[in-house]
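Below you'll find the structure, written out as structure tokens, and then a few comments.
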Amino acid sequence: MSKPIIYMDHSATTPVDPRVVEAMLPYFTERFGNASSLHRLGREASQAMDDARQTVAEILSCHPHEIIFTSCGTESDNLALRGVALAQRARGRGNHIVTTAIEHHAVLHTAEDLRDRYGFDLTIVPVDRDGLVNPQAVAEALRDDTVLVSVMYANNEVGTIQPLAEIAAITRERGIPFHTDAVQAGGYLPLNVDDLGVDLLSLSAHKFYGPKGVGVLYVRSGTPLWPIQTGGGHERKRRAGTENIPYIVALATALRLAQEEREAETARLTALRDRLIAGIEARIPDVQLTGHRTQRLPGHASFIVRGVEAEGMLMGLDLEGICASSGSACTSGAQEPSHVLTAMGIPRRDAVGHLRLTLGRGTRPEDVDRVLDVLPGIVERLRAYAPSWA
Ligand code: PLP
């Protein structure tokens, strides 16, 4: 008989909340109109989108016109980086972009593409051992021709939360647009764009109990932005393509619910996370927490387990019904350390033993107990077979 599933991979994705499914379903069937149509079905769709935009704008504390709906977090990041960099250069503002070494590939590969294929200069700011960006290091990276700074809100692999407001104070003084990838933060951290000081912010619904394939880009009024997808005049000519009304309704509903329940859920998850971290540190020798101990996402626990490779741990946990993940991927039969762990100064031989356990709405105290019961045995068995460890 298969074991009941314990899902500890909420940073990868979350299940869609049934309340969100209920809100979105009518827009597939009886309210299926195209928001550009003038007839009643079109007006109904357009109204649903306006309401969703208003909901998101209230949560971000911005004007509804500053919200662009996209097809995912990756698209939001692409639109932010490419849209601002190209528009700024066309205005003669310069040719230099600044980002950090621990960004998700949606940002990092886009910045590198702008460098390699579009001729931008790129500075990649390093991080410390906890995965924290030093605002002073960002200040030192800025040049007179810097057109954009992008620093993520919270890291997907190690959970560290960045000091965005401090960085924003620096970029604002220099008049440089500041983007943050808030995809991991969306369901858990405050999103008031004025408090954060950001000019652009990316979100993705599937990280906060909405569906995959819908995102948001917030763009502060006055920020130069070229569209990267042209066609019709949708989203005030900033993102062409017939709007996905069911998913837009779902995103707004999911974000509202996540933010309404945020305080209580943060307290609950932080307590569970800390119990999981303390339990693993107490029961497994030679384990190191990765990311900042307190300045981290509420449900995020991640470790280096020395002497083992991630794949073995993930397979062992999977046999017990526990879904976990690792920042280090297995490519062509070899474990490849992630760029995030490498940037934090973790040596390759340790980085391959990265384990990420991310808790969420469905996680109960007994799930944490179960992981604490089975993980030490899995690690012990793997270490017994690792000649280098012996
Ligand atoms: N940015 C971060 C920090 C992420 O964790 C992810 C998804 O894992 C993305 C961007 C990409 O979002 P999406 O899956 O919606 O394209």
With residue 15 itself left out, Lys, Arg at +1 and Asp, Glu at -1 over residues whose Cβ is under 13 Å from its Cβ give +2
Rounded to 0.05, the calculated FRET efficiency for the beta carbons of residue 369 and residue 129 at R₀ = 35 Å is 0.70
For the chain, longest principal axis from Cα atoms; helix 310-319 axis from its Cα atoms; angle between them, nearest 10 degrees, is 80
Here D for the chain, in µm²/s, from Stokes-Einstein with a Kirkwood Rh over Cα pairs at 20 °C and 1.002 mPa s, works out to 98
Once both label points are put 7 Å beyond Cα along the C-beta direction, the residue 166-residue 54 separation in nm becomes 4.0
Rounded to the nearest 5, the percent of antiparallel DSSP beta bridges in segment 18-260 equals 45
Checking segment 97-206 for trypsin sites (Lys or Arg not before Pro) in a loop per DSSP with at most 15 other beta-carbon atoms within 10 Å yields 129, 143
Helix 73-90 sits off the longest principal axis of the Cα atoms of the chain, rounded to the nearest 10 on a 0 to 90 degree scale, by 50
Placing +1 on each Lys and Arg Cβ and -1 on each Asp and Glu Cβ in segment 18-260, then taking the dipole about the Cα centre, the residue among 71, 148, 133 whose Cα reaches farthest towards the positive end is 71
In whole angstrom, the spacing between the Cα centers of segment 51-116 and segment 251-301 equals 27
Once residue 348 and residue 21 are pulled to full extension, the length gained, defined as 0.36 nm per residue separation minus their Cα-Cα distance, is 113.5 nm
Length gained if residue 116 through residue 226 is fully extended, taking 0.36 nm per residue and subtracting the Cα-Cα distance, is 37.7 nm
Longest principal axis of the chain (C-alpha) makes with the long axis of helix 105-118 (C-alpha) an angle, in degrees to the nearest 10, of 60
Other residues with Cβ under 12 Å from the Cβ of residue 256 give, with Lys and Arg +1 and Asp and Glu -1, a net charge of -3
Checking 192, 155, 78 against a Gaussian network model of the chain (alpha-carbon springs below 10 Å), the top fluctuating residue turns out to be 192
In deg cm²/dmol, rounded to the nearest 500, the helical mean residue ellipticity at 222 nm of the chain, built from -39500 (n - 2.57) for every DSSP H run of length 4 or more, is -13000 deg cm²/dmol
Within the set 76, 150, 46, GNM on the chain using Cα springs under 10 Å gives the largest fluctuation to 46
The summed charge of the residue 94 Cβ neighbourhood (under 15 Å; Lys/Arg +1, Asp/Glu -1) stands at +3
GNM of the chain, Cα pairs under 10 angstrom: of 286, 194, 50, the biggest fluctuation goes to 286
Protection proxy (average C-beta count within 10 Å per residue), highest first, orders 120-128, 315-323, 250-258 as 250-258, 120-128, 315-323
Segment 349-367 scanned against label point 7 Å out from residue 3 along Cα→C-beta; backbone N under 12 Å for 367
PRE zone check, label point 7 Å out along Cα-to-Cβ of residue 194, amide N under 18 Å, scope segment 49-63, hits 54-63
With +1 at each Lys and Arg Cβ and -1 at each Asp and Glu Cβ, the charge dipole magnitude of the chain around its Cα centre, to the nearest 20 debye, comes out at 500
Taking only the Cα positions of segment 13-92, the convex hull volume per residue in Å³ is 137
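Just so you know, all these numbers are worked out from the coordinates, no wet-lab data involved. Everything numeric here is computed off the predicted structure, so don't read it as measured data. Backbone-built Cβ (ideal geometry, glycine too); neighbour counts: all protein chains shown.
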